[in-house]
1. How many residues are of a type outside the set (A, V, I, L, M, F, W, C), in a strand (DSSP E or B) and either free of Cβ contacts under 8 Å to residues at least 40 places away in the same chain or open to solvent by less than 20 Å² (accessible area, probe 1.4 Å) (or both) when one looks only at region 1-28?
2. Quick one: how many residues across region 69-107 are part of a helix (DSSP H, G or I) and either open to solvent by less than 30 Å² (accessible area, probe 1.4 Å) or at pLDDT 90 or above (or both)?
3. Which one of the conditions (1) farther than 27 Å from Val190 by Cα; (2) within 23 Å of the chain's Cα centre (by Cα) does Leu207 fail to meet, given that it meets all the rest?
4. Across region 226-258, which residue is surrounded by the fewest Cβ atoms within 10 Å (Cβ to Cβ) among those that are at pLDDT below 95 and part of a loop (DSSP other than H, G, I, E, B)?
5. Is region 314-325 home to any residue that is assigned to a strand (DSSP E or B), of a type in the set (Val, Ile, Thr) and open to solvent by less than 40 Å² (accessible area, probe 1.4 Å)?
6. Show me the helices (runs of 4 or more DSSP H) entirely contained within region 354-429 in which 1 or more residues are away from the ligand (no atom under 15 Å from the Cβ).
7. Please go through region 270-302 and give me each residue that is within 13 Å of Ile319 (Cα to Cα), among the β-branched types (Val, Ile, Thr) and either in contact (Cβ under 8 Å) with a residue 40 or more places away in the chain or part of a strand (DSSP E or B) (or both), ordered by number.
8. Would you mind finding the one in Arg159, Arg130 that is part of a loop (DSSP other than H, G, I, E, B) and in contact with a helix residue (DSSP H, G or I) (Cβ under 8 Å, 6 or more places away or on another chain)?
Amino acid sequence: MDKILIKGGRPLKGDVTVSGAKNAALPILAATLLGMGTHRIANIPKLMDVATIKRLLIHLGAVITEDGPDGWEGQSGLRWTVRMSELARCDAPYELVKTMRASVLVLGPLAARFGEARVSLPGGCAIGARPINLHLMGLEKMGAEIKIEHGVVTVKAKRLKGARIYLDLASVTGTENLMMAATLADGVTVIENAAREPEVADLAQFLIRCGAQISGAGTDVITVDGVESLNGSGTHRIMPDRIEAGTYLTAAAITGGEIFVRGCNPRHLDAVLLKLREIGVEIREESDGVRATAKGRIGAVDIKTLPYPGFPTDMQAQIMALMALSDGLSVITETVFENRFTHVAELKRMGADIHVEGRNAIIKGVRRLSGAPVMASDLRASACLVLAGLAAEGETEISRVYHLDRGYEGIEQKFSNLGGEITRIRQTP
Ligand code: EPZ
């Protein structure tokens, strides 16, 4: 398994361009199952998870071509043409689902378009049990027959019916699965307490391009008026990745440098920008991105993760690395996932002073971190360790970096271009 070696202590300076959002690309690619015809999707990030969902879509019968720049008006990122006219099968096997829980996003589209779906239960992961009961509750309300046996969930429905669904928790993929399913249901579906994440709105935009009748995406009440069939989407550009953008803005703060994050939408990051300003980082919103400039030692601040538009849980590990070097005492409360502090033990190996009490991490800022061999445990924990390594004195070696490859496109290259001393050591399996 590859490792990443970082020699820390240098302020990062320069421009970095943010890639397409992983958490928008995955549901949008799953949504291609719904539409007969041709989908053209641009700004797809080059990530492990994207490669996994491509394998899954091809397994189900999709024809996917990776296009060059011709005919794509200078679009960036991967450019795919996806055709899903015939379905080869309607099952998502365990070997694909276990590597990427987001495979559960094919459940709604398959049930809606083909009347049947068999998806291996995703199981838990490092940050929590990750149940899908809300996804299944919604499909049941839409008239689907749900069966779970041998670790596989089977969903059957001649045709889903419109329903009023209340989500106990504003689940992001739960909202996305049910919104996709509702596009082809017979009648109107109202999803209440829906997730308001920008990725939900980007998915809705894609579905509307395919002919879906959706209103309210991005708010907590989404209304879908089911139609008989959906077409190809034409060209859709994946939104910029707000978590990747937040990670690079935090890198400027933690290394005492200045970074311009090109292509990010500051409106998707209001809670993060507010907190960075609160601790003394200079944040300037410019025409095509956001600039972060460190202005001396950062102050302490309390943070509570919440569903959007609250502070994103996917930025919690990264901001904790920053708080480890702050001038004071900070409390970070993780309200979304039950086990999202696995990065704490690794930060403590680097000299951080952090104490965990249940859902709260109490961080006493120290003057400096020291490089050390550390282990990544999940996607955002690995980003946290990269940030800590870039700020620490000496060398940090991060193992299990396959976690990082799931959600950060070309991270070593991007940080090297900003002046970071970061290299990947390829390890033969
Ligand atoms: C999405 O996961 C993201 N993944 C996660 O990003 C992100 O951390 C999370 O939303 C929260 O913002 C994708 O979009 C592919 P949830 P998701 O359903 O949809 C509970 C990353 O780092 N819940 O909003 O799986 C659940 O246990 C990843 O990019 C149920 O109880 O998260 C959690 O406590 C990590 N029953 C809470 O809701 C359900 O049926 C929020 O989970 C569904 C969820």
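The values are calculated or read from the model by the stated rules, or taken from the named source; none is laboratory data. The model shown is predicted, which means the values in this text are computed figures rather than measured ones. All Cβ positions, glycine included, derive from the backbone under ideal geometry; neighbour counts span all protein chains shown. These accessible areas exclude ligands, DNA and RNA; they are computed on the full protein's heavy atoms, side chains included. Shrake-Rupley method; radii C 1.70, N 1.55, O 1.52, S 1.80 Å.
1. Applying the first criterion (of a type outside the set (A, V, I, L, M, F, W, C)) to region 1-28 yields 2-3, 7-11, 13-15, 17, 19-20, 22-23, 27.
Adding the requirement that they be in a strand (DSSP E or B) leaves 3, 7, 13-15, 17, 20.
Going one step further and asking which of them are either free of Cβ contacts under 8 Å to residues at least 40 places away in the same chain or open to solvent by less than 20 Å² (accessible area, probe 1.4 Å) (or both), we end up with 20.
Qualifying residue count, region 1-28: 1.
2. Of all residues in region 69-107, those part of a helix (DSSP H, G or I) come to 94-97, 101-107.
From what is left, the residues that are either open to solvent by less than 30 Å² (accessible area, probe 1.4 Å) or at pLDDT 90 or above (or both) are 96-97, 102-107.
Within region 69-107, residues that are part of a helix (DSSP H, G or I) and either open to solvent by less than 30 Å² (accessible area, probe 1.4 Å) or at pLDDT 90 or above (or both) number 8.
3. Of the numbered conditions (1) farther than 27 Å from Val190 by Cα; (2) within 23 Å of the chain's Cα centre (by Cα), the odd one out for Leu207 is (1).
4. Asn231
5. Keep residues of region 314-325 that are assigned to a strand (DSSP E or B), which gives none.
No - not one qualifying residue is present in region 314-325.
6. 379-391, 411-417
7. Hits for region 270-302 are Val272, Ile279, Ile298.
8. Details: Arg159 fails: in contact with a helix residue (DSSP H, G or I) (Cβ under 8 Å, 6 or more places away or on another chain).
Only one candidate qualifies: Arg130.
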